[in-house]
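Data block below; observations after.
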């Protein structure tokens, strides 16, 4: 069986079906016109925006806490996290719930983004690990860069996002 | 001794260890943590047994119980390659073995040594668990003392040890699936055995797969063999030498009249069982094998196993070591140890409780399908049926909630296991005679509450022995019995647990206490206090009535910490004392921390819950009672007290346009003995809320103790008053003159 029979072609034409190399799948979304992706196996669900409960004395990018079927889950505003200008939350604001792993603890976090675009597959060879991505505010949370003829995609490092700084989990078992 | 020679067990332990090492580390950790939990249970059994011995009991079953517990710890330690642990427990075991065989006297020095050795063993296990450094000096010193004691040992018994010749052997032979590949034909083995003596063979075919899965070159059969009239063990060992280690176990079947040796067999048997369990867990679960065991189980304590024993939440996981504590009929009361270490949060739940849950969840599934059925099929009385369905759902949800809460409930005896030892040690040190009475130890409470109450209880007991109960001479002079009584009683009252620690000692010296409080500037000399208010001063930080500071209690830390700890658990503690007659401390604790009662308030556009346990009152602010001190802090005059006003919205960084506090609401709360007022905009009502963790997906927040979900699905945060005070004063609350710190509860 080749990948072709799976019924879904890769969105890129430059490497056609001969390649049997493994593919990676991303949920892509937009922030300030830029395309980002998060590994699809990390995505728990996508929700529409609802006003979260404020967290006292939290960094500005922590929009608040929401109830995810009985679990209390923080909402991180990626725009603010990347040091961009805030955008008022509207009906098109979308929240992506992802699983993160840091310091041996797995936590769920929801990311507020401008809009969700699509689910895309890429051959693994297109994935380029990023050493340093430049001076963008998002640089430290970008794990890799994918560039094809059609688009360029910044792959978000969700573990890094939740594993450092003020959002790092408390050490020790909980 | 007729148990299997150690050389047969060692290689197996090694094999098990090697296989363990090959396991996934997470599973290994899990197995280790089970071992540590069970070792703690074992330590509690040992300690309780030793204390029983020190009270004069010489029940052989008691000694056997202690021996078995040490043996299990040693075995487990060997499996995990903890050499120091194995060596130390081996020394201990040897001494216990001598005692058991009546070759060593049970005297006070020996008991003292044993108790200290058990402490060291406990410390060793703790260190292993926490992966911290071992205290080698203490261990070595105790090892030497144990050795010295062994040298001293002399038979004290009139019963000489009789060598027992076993009359038959029980052999369980379960060849590995691939045994034929190694040319180990079971038939040859059986034929060899037959040449040794009389053979009774039972076939066990439970491993046999369905025909489709059957592989002709694999062996699925196992045999239980009773061999009688065998010449000696060596001959059997010779035959066994051909068989792969691990696939066969032999044990002796002893004559029934010798209980101690039967015990040995039991040990060997347990050891075997454990080793097998680790290698072939799927086999051990089979009922057939259990039957074989019970048949040959001729020991007197067998009946103890069958007695109902509700206080032990048994069930998971079914490791064979669990059999050890269950068999200790004598030690029922102390079988379970408090999960002292906070390293891991495992809990044992009775299987029946889980079954109940499964049934309930089944009900919920049915109700769900019923409701979706109703919602899809339009009918005339749809609304009525929907309402009925929702009612059913509500009922079941409530039962489910209660059942889940019950899973967290443990008998309070878990928190009491350390007390007998403490009383024993302290009464020796202080040369007092004290009888400890524990009532209501099966009262259940939440595991978290239990862990939190353990230390305060220890302190109250210490306090009662140190300050309360008088010396025997004083007691006789006061016309009291020489032996003091310390009673700990637990009862459930509604949604609360009441724990009373009562002594019949000298009571609180009120005049002296008041004098000290005035001297410390805590009480206005002109104030008139009633008796309860004076007695309540014992909880005040910095008041200790003992003239000389002892290292037990009386450094001024203690009762105030007790009160703080109890309050952190949402409870309260009060004292009642009758001079010359005794003192009673009463702790009131909520049954569970998972659900609290709270006041729902609005601050700016956010809703918060203030736990009812800390709220005193809510009042409308009158401007003229407000004052601002130089530091910028605001105070509100309430009666004779000045209460700090905390602008929560400011502390939490909420945007606000407030200037004037007039006409706003002030909720007065108790922050660890000090009252503060929280500024709120609106009081929305009083309700029960389910506490949810913030740490699960986020992290702790200063000033917030948890979160809950409101009826509309939104998250509301639960205020932590102590944290808010920290936020406001950076840990340094301003000092204000007040008459009495707080009204008596």
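Given the stretch B:437-537, what strands (runs of 3 or more DSSP E) lie entirely inside it while holding 3 or more residues that are within 17 Å of residue B:585 (Cβ to Cβ), touching a residue at least 24 places away in the same chain (Cβ under 8 Å) and touching a strand residue (DSSP E or B) at 6+ places or on another chain (Cβ under 9 Å)? Break it down stepwise before answering.
On the way: elements: B:444-446, B:484-493, B:496-503.
In the stretch B:437-537, B:484-493, B:496-503 are the strands (runs of 3 or more DSSP E) which contain 3 or more residues that are within 17 Å of residue B:585 (Cβ to Cβ), touching a residue at least 24 places away in the same chain (Cβ under 8 Å) and touching a strand residue (DSSP E or B) at 6+ places or on another chain (Cβ under 9 Å).
Taking residue B:402 as meeting all but one of (1) crowded, with 18+ Cβ neighbours inside 10 Å; (2) within 30 Å of residue B:356 (Cα to Cα), write down the number of the exception.
If we test residue B:402 against (1) crowded, with 18+ Cβ neighbours inside 10 Å; (2) within 30 Å of residue B:356 (Cα to Cα), just (1) comes out false.
How many of the residues in the stretch B:709-732 are under 16 Å from residue A:53 (Cβ atoms) and not in a loop (DSSP other than H, G, I, E, B)?
Of the residues in the stretch B:709-732, 6 are under 16 Å from residue A:53 (Cβ atoms) and not in a loop (DSSP other than H, G, I, E, B).
I'd like the residue in the stretch B:662-686 that is part of a loop (DSSP other than H, G, I, E, B) and at pLDDT 85 or above and, out of all such residues, is farthest from the other protein chains (Cβ to nearest Cβ).
It comes out as B:664.
Determine, yes or no, whether residue A:132 is out of contact with any strand residue (DSSP E or B) (no Cβ under 6 Å at 6 or more places or on another chain), modelled with pLDDT under 75 and loosely packed, with under 12 Cβ neighbours inside 10 Å. I'd like the intermediate steps shown before the answer.
Values: out of contact with any strand residue (DSSP E or B) (no Cβ under 6 Å at 6 or more places or on another chain): yes; modelled with pLDDT under 75: yes; loosely packed, with under 12 Cβ neighbours inside 10 Å: yes.
Yes, satisfied.
Inside the stretch A:85-97, can you point out the residues that are farther than 16 Å from residue A:31 by Cβ and either under 19 Å from the mean Cα position of the chain (by Cα) or at the interface with chain B (Cβ under 10 Å from one of its Cβ atoms) (or both)?
A:97
For the stretch B:709-726, give me each residue that is in contact with a strand residue (DSSP E or B) (Cβ under 6 Å, 6 or more places away or on another chain), more than 9 Å from chain A (Cβ to nearest Cβ) and within 17 Å of residue B:593 (Cβ to Cβ).
B:718, B:719, B:720, B:721, B:722, listed by residue number.
Just the residues that are out of contact with any helix residue (DSSP H, G or I) (no Cβ under 8 Å at 6 or more places or on another chain), within 30 Å of residue B:370 (Cα to Cα) and assigned to a helix (DSSP H, G or I), please, taken from the stretch B:380-436.
Once the filter is applied, which keeps residues that are out of contact with any helix residue (DSSP H, G or I) (no Cβ under 8 Å at 6 or more places or on another chain), within 30 Å of residue B:370 (Cα to Cα) and assigned to a helix (DSSP H, G or I), the stretch B:380-436 yields B:383, B:384, B:387, B:388, B:391, B:394, B:395, B:398, B:401, B:402, B:405.
So, residue A:110, is that one assigned to a strand (DSSP E or B), touching a strand residue (DSSP E or B) at 6+ places or on another chain (Cβ under 7 Å) and within 14 Å of another protein chain (Cβ to nearest Cβ) or not?
Numbers: assigned to a strand (DSSP E or B): yes; touching a strand residue (DSSP E or B) at 6+ places or on another chain (Cβ under 7 Å): yes; within 14 Å of another protein chain (Cβ to nearest Cβ): yes.
Considered against the rule, which asks whether it is assigned to a strand (DSSP E or B), touching a strand residue (DSSP E or B) at 6+ places or on another chain (Cβ under 7 Å) and within 14 Å of another protein chain (Cβ to nearest Cβ), residue A:110 comes out as yes.
Report, by residue number, each residue of the stretch A:70-84 that is without any contact (Cβ under 8 Å) to a residue 24 or more places away in the chain and more than 10 Å from every other protein chain (Cβ to nearest Cβ).
The first filter runs over the stretch A:70-84 and keeps only residues without any contact (Cβ under 8 Å) to a residue 24 or more places away in the chain, leaving A:70, A:72, A:80.
Listed by number, the list holds a single entry, A:80.
What is the residue count in the stretch B:687-708 for residues that are facing chain A (nearest Cβ under 7 Å) and not in a loop (DSSP other than H, G, I, E, B)?
4
Restricting attention to the stretch B:643-661, which residues are closer than 25 Å to residue B:598 by Cα and either free of Cβ contacts under 8 Å to residues at least 12 places away in the same chain or more than 14 Å from chain A (Cβ to nearest Cβ) (or both)?
B:643, B:644, B:645, B:650, B:653, B:661
Test residue A:102 against the stated conditions and say whether it is out of contact with any strand residue (DSSP E or B) (no Cβ under 9 Å at 6 or more places or on another chain) and in contact (Cβ under 8 Å) with a residue 12 or more places away in the chain.
So residue A:102 passes the test.
Would you be able to say whether some residue in the stretch B:168-185 is at pLDDT 75 or above and surrounded by fewer than 14 Cβ atoms within 10 Å (Cβ to Cβ)?
No, because not a single residue in the stretch B:168-185 is at pLDDT 75 or above and surrounded by fewer than 14 Cβ atoms within 10 Å (Cβ to Cβ).
Checking the conditions here, which among A:59, A:52 is within 14 Å of another protein chain (Cβ to nearest Cβ), over 18 Å from the mean Cα position of the chain (by Cα) and touching a residue at least 60 places away in the same chain (Cβ under 8 Å)?
Result of the check over A:59, A:52: A:59.
Go through the stretch A:100-122 residue by residue and tally those that are over 20 Å from residue A:153 (Cα atoms) and surrounded by fewer than 17 Cβ atoms within 10 Å (Cβ to Cβ).
Within the stretch A:100-122, residues that are over 20 Å from residue A:153 (Cα atoms) and surrounded by fewer than 17 Cβ atoms within 10 Å (Cβ to Cβ) number 4.
The values are calculated or read from the model by the stated rules, or taken from the named source; none is laboratory data. Everything numeric here is computed off the predicted structure, so don't read it as measured data. No Cβ is skipped: glycine too gets one built from the backbone with ideal geometry, and neighbour counts run over all protein chains shown.
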